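Student: The following block contains the structure, expressed as structure tokens.
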């Protein structure tokens, strides 16, 4: 029962998570679609507003120039002409400025833009008329067409007259209210009708009184501001006033622009616009730069290296007769999954513990921390640390096998007295020497060789006999004579005798090298001697696979050091 309940809960939980995931995906898709639709509509509206703004800007300049010419033409006109112009201005200003039609549908965007531009032009015309009226009134007062003080007195009288009419109306209402306190509130009575008429007249009289007061106050301010006999200069429109007339259009443009800046698709498009070209160049360079470098290496450096003199590693160690014995004819494979290696009295074997399968009980074993204390870093990097040291006082047989890798095979290579072998320490898993005489190991740098730099192998480790080397290789180790020139993959090379001339040769085809399926250079061996290689190389970074940066850097360092 508990198992059934647990299975049911897992089933419900899994499908609940699927349901929530689908809900999140659908909601996200809806939001993105809505954002895309809104972006299109708002962008069209914003473009329409900006088009109307540009159209208005051109019309504004035309209207301002026409207004300046008209107003400055009145500076020497008669007072009657100025009064006639003021009357026409007052007539035009009775019309309220139009409201912008921002809320119209976008079925005809051109029509909407023209309508908004027309409304903006009308607002500019009204603002210019207001400025013209103020200028002409100032001009009349300054030119003396009508004495400013007389005008002030006339306006004062008009205000006084309007005030007296208002007070008379209020007094009549008060008398009627005192004479008929009840009937003035009785609907349908003559007194109530008379009171309503007086109240209606009161509203008009109050407006007339206020208008007269304002004109009187404005004229009084002009009299105080303008010295007598001072004529104003040519008319210059107030640009701030014109800008204020268009502030609704500017505010709508700013609102739409701010709304678009919060749109997901607009932000993505802006990012692509700002950083897309640079990112494209970086991507293109990331694609083309490795291709250019590989082409340069393949067509320039590799052919140049192939024509250079081969390397001779440790030529002073090559004795005339002693050499590594070649394999039997037709039997290049010298390794096996498991090998039995005999130990004679006085022999010492130093072996990696993972390759020691079995040994006689009578042998003496102890730990040897490093293969050679003269090369501590090389021993550690090659994994030749914490080794097992075996000695025997009687004949014994030790069985060697790779216990942790079924594809790894081991091989035994005997170097006689005076023989020398260049060996990559990564291939070494142990060695056997006789008596107290330790095996001779030396390192040789080749910093002046292009072969070494192209392969990044600047250091070569040489082992001298007499010693028996135990090496390993994936799926087997093969030993072949160099003969008149042999070429193999660099990743497979394990070592070669010092009697061999070492060089590099370019891989035959460019496309496999370009795609990372083949190395740029292969190892080439000429002359008398042998070379070792494993059948399936897999150390380091394999062709066609992507390793981490740290692993690639580490492999390069170890290769430089010949490990």
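Rule-based calculations on the coordinates, nothing more; no lab input. All of these numbers come straight from a predicted model, not from anything done at the bench. Note: ideal-geometry Cβ built from the backbone for every residue, glycine included; neighbour counts use all protein chains shown.
Student: Mind checking the angle between helix 79-93 and the chain's longest principal axis? C-alpha axes, 0 to 90 degrees, to the nearest 10.
Tutor: 60 degrees
Student: So, one more: For the pair residue 175/residue 200, report the inter-label distance in nm, with labels modelled 7 Å from Cα in the Cβ direction.
Tutor: With each label placed 7 Å out from Cα toward Cβ, I get 2.1 nm.
Student: What distance in nm separates the two pseudo spin-label positions at residue 514 and residue 19, each 7 Å out from Cα along the beta-carbon direction?
Tutor: That separation, rounded to one decimal, is 5.5 nm.
Student: Could you tell me what fraction of 2.2 N^0.38 Å the Cα radius of gyration of segment 167-297 comes to, as a two-decimal ratio?
Tutor: After normalising by residue count via 2.2 N^0.38 Å, the value is 2.67.
Student: Which three extents, in whole angstrom, do the alpha-carbon atoms of segment 1-99 cover along their principal axes, largest first?
Tutor: 112, 25, 13
Student: Additional query: At residue 393 and residue 114, where each label point lies 7 Å from the Cα along Cα→Cβ, what is the point-to-point distance in nanometres?
Tutor: 11.9 nm
Student: Please arrange 349, 167 by counting, for each residue, the other beta carbons lying within 10 Å of its beta carbon, fewest first.
Tutor: The fewest-first ordering by Cβ neighbours comes to 167, 349.
Student: Using the beta-carbon distance between residue 407 and residue 526 and R0 = 22 Å, what value does 1/(1 + (r/R0)^6) give for FRET efficiency, to the nearest 0.05?
Tutor: Here the calculated transfer efficiency is 0.10.
Student: On to the next question. Which label marks the calculated value of Kirkwood radius over Cα pairs in Å, given the options (i) 28.9; (ii) 35.6; (iii) 31.3?
Tutor: Computing Kirkwood radius over Cα pairs in Å and matching it to (i) 28.9; (ii) 35.6; (iii) 31.3 gives (ii).
Student: Can you figure out the FRET efficiency of residue 301 with residue 27, using R₀ = 56 Å and their beta-carbon distance, to the nearest 0.05?
Tutor: Plugging the Cβ-Cβ distance into 1/(1 + (r/R0)^6) gives 0.45.
Student: How large are Rg and Dmax for segment 321-475 when only the alpha carbon atoms are used, in Å?
Tutor: 15.9, 52
Student: Additional query: Please compute the length gained on full extension between residue 72 and residue 536, using 0.36 nm multiplied by the number of residues separating them and subtracting their Cα-Cα distance.
Tutor: Additional length available on full extension: 157.1 nm.
Student: Moving on. For segment 254-282 and segment 1-71, compute the distance between their C-alpha centroids and round to whole Å.
Tutor: The distance from the Cα centre of segment 254-282 to that of segment 1-71 comes to 14 Å.
Student: Continuing with the same structure: Using helices alone, what [θ] at 222 nm do you get for the chain, with -39,500 (n - 2.57) per DSSP H run of 4 or more residues, divided over all residues and rounded to the nearest 500?
Tutor: When only DSSP H runs of four or more count, the value is -17000 deg cm²/dmol.
Student: Can you compute the FRET efficiency between residue 217 and residue 250 using 1/(1 + (r/R0)^6), with r the Cβ-Cβ distance and R0 = 35 Å? Round to the nearest 0.05.
Tutor: Efficiency, rounded to the nearest 0.05: 0.60.
Student: Can you give the percent of C-alpha pairs in segment 147-228 whose distance is more than 17 Å?
Tutor: 56 percent
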